[in-house]
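Engineer: For reference, the structure I am asking about is given below.
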Amino acid sequence: MPKVTVLPHPVLCPEGAEFETEAGKSLCDVLLAHDIGIEHACGQCGACSTCHAVIRQGFDSLSEMEDREADMLDRAWGLEPESRLTCQAKVGTEDLTVEIPRYTRNLVSERG
Ligand code: FES
């Protein structure tokens, strides 16, 4: 089972986190299942960029990115080459290290 390491985030997981998960689940679901409240303003349908995270390790093991995700990802705050929308990225068999950016650009809710 792949191990997921989440780097500390000041609000969502100040101490960081580490847990094992099953391959094939969306990374967003995996994070939420472990009480890491990553934003998912569009309900995980790939229509916002609030679930953005940077994959510091294991990027290539995630499911392939589709054009629609790439388009939405362009709007994410703090975009990096290893960025993914976690609701669209399915966990593979390799360990992952995930960094949740400090901010999100939320075009859906009023919090901005
Ligand atoms: Fe909106 Fe992932 S929750 S794109």
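Engineer: Please tell me if ALA76 is within 12 Å of the ligand (Cβ to nearest atom), surrounded by 17 or more Cβ atoms within 10 Å (Cβ to Cβ) and not in a loop (DSSP other than H, G, I, E, B). Before you say what the answer is, go through the steps one by one.
Structural biologist: Numbers: within 12 Å of the ligand (Cβ to nearest atom): yes; surrounded by 17 or more Cβ atoms within 10 Å (Cβ to Cβ): yes; not in a loop (DSSP other than H, G, I, E, B): no.
Taking the combined requirement at face value, the residue does not satisfy it.
Engineer: Quick one: how many residues across segment 17-73 are assigned to a helix (DSSP H, G or I) and surrounded by 14 or more Cβ atoms within 10 Å (Cβ to Cβ)? Full working, then the answer.
Structural biologist: The initial filter retains those residues of segment 17-73 that are assigned to a helix (DSSP H, G or I), namely 27-33, 59-61, 67-73.
When the remaining residues are screened for being surrounded by 14 or more Cβ atoms within 10 Å (Cβ to Cβ), the result is 27-32, 59, 61, 69, 72-73.
Number satisfying all stated conditions: 11.
Engineer: Taking into account only those residues within segment 5-16 that are in a loop (DSSP other than H, G, I, E, B) and either in contact with an Asp or Glu (Cβ under 7 Å, 6 or more places away or on another chain) or more than 14 Å from PRO101 (Cβ to Cβ) (or both), which is nearest to the ligand (Cβ to nearest atom)?
Structural biologist: Keep residues of segment 5-16 that are in a loop (DSSP other than H, G, I, E, B), which gives 7-8, 10-12, 14-16.
Subset that is either in contact with an Asp or Glu (Cβ under 7 Å, 6 or more places away or on another chain) or more than 14 Å from PRO101 (Cβ to Cβ) (or both): 7-8, 14-16.
On the way: LEU7: 19, PRO8: 22, PRO14: 22, GLU15: 24, GLY16: 22 Å.
By that ranking, first place goes to LEU7.
Engineer: So is ARG84 within 15 Å of the ligand (Cβ to nearest atom) and either at pLDDT below 95 or over 13 Å from the mean Cα position of the chain (by Cα) (or both) or not? It would help to see each step written out before you state the result.
Structural biologist: On the way: within 15 Å of the ligand (Cβ to nearest atom): yes; either at pLDDT below 95 or over 13 Å from the mean Cα position of the chain (by Cα) (or both): no.
So ARG84 fails the test.
Engineer: Give me the pairs: first residue in segment 90-106 and assigned to a loop (DSSP other than H, G, I, E, B), second residue of a type in the set (D, E, K, R), beta-carbon distance under 7 Å, and six or more apart or on different chains, which are they?
Structural biologist: Hits for this filter: VAL91/LYS25; ASP95/LYS3; THR104/GLU39; ARG105/ARG75; ASN106/GLU39.
Engineer: Continuing with the same structure: Consider VAL54 carefully, then state whether it is in contact with a Gly (Cβ under 8 Å, 6 or more places away or on another chain) and not small (Gly, Ala, Ser).
Structural biologist: Working: in contact with a Gly (Cβ under 8 Å, 6 or more places away or on another chain): yes; not small (Gly, Ala, Ser): yes.
In short, yes.
The values are calculated or read from the model by the stated rules, or taken from the named source; none is laboratory data. None of these values were measured; they are calculated from a predicted model. Glycine gets a Cβ as well: all are built from the backbone with ideal geometry, and neighbour counts include every protein chain shown.
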